[in-house]
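Inspection log for the structure reproduced underneath, given as structure tokens.
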Amino acid sequence: MPQRRELLKDPSQRAAIIARFAGRGPSAGTSYATVRDYCESLDLLPQITGIDGDLKNVQRSWAVKTILAETPPPARLLEIGGGEPVVSGFLAELGYDVTLVDPYDGFGNGPTDYERYREQFPHVKIIRDYFRPGLSGLSPGTFEAIFSVSVLEHLAATISECFAAMSEFL
């Protein structure tokens, strides 16, 4: 049986991360995939920044830093197609109310471990479905931000349907 996965082992980490990145807004100049950005992420966000050569190592930390800068906690967030909910779980531990929508059907080499992720990340509301307009279990206009990390190329729906759903739920 999988154990609950906690990414922040020490409560002081939460406060330090929020103080460093929250509320900076767009003028803060969040860079993307620069050596400086990646090194900062390795130093300050090692829980979500790996060193295995996967592009998601840059994308995960950039998404977290940008969300913190633009929409500080507490806020309601929705992640599209998060697979293993590392980013959603991390954001939930930082004080966000996070919902993740993913079908967990293996499409596009995607994950199928829905039950394991529910057990490991109980603080993330996981909806097992494709993100689309009219999705049951979600109320229109209830999220402050919607994001995805390396997912758009795997969407079964068209991009226009995805944007329509984003517009509905923001």
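Quick notes on this one:
- Derived value for the stretch 74-170: Kirkwood hydrodynamic radius 13.3 Å. Basis is the mean of 1/r over every pair of different alpha-carbon atoms.
- Backbone phi angles across the stretch 103-119, fed through the Karplus curve with coefficients 6.51, -1.76 and 1.60 (θ = phi - 60°), yield HN-Hα couplings of x, 6, 10, x, 4, x, 6, x, x, 10, 8, 3, 4, 4, 5, 4, 6 Hz in residue order; Gly and Pro are listed as x.
- Per-residue SASA entry for ASP97, accessible area with 1.4 Å probe, Å² rounded to 10: 80
- Going through [x] 26.0, 98; [y] 15.5, 45; [z] 20.8, 69, the figure that equals Rg and Dmax of the Cα atoms in Å as computed for the structure here is [y].
- Top of TYR32, TYR104, TYR117 by mean-square fluctuation, Gaussian network on the chain, Cα under 10 Å: TYR32
The values are calculated or read from the model by the stated rules, or taken from the named source; none is laboratory data. These numbers were taken from a predicted model, which means no experiment stands behind them. What goes into the accessible areas is simple: the full protein's heavy atoms, side chains included, and nothing from ligands, DNA or RNA. Shrake-Rupley method; radii C 1.70, N 1.55, O 1.52, S 1.80 Å.
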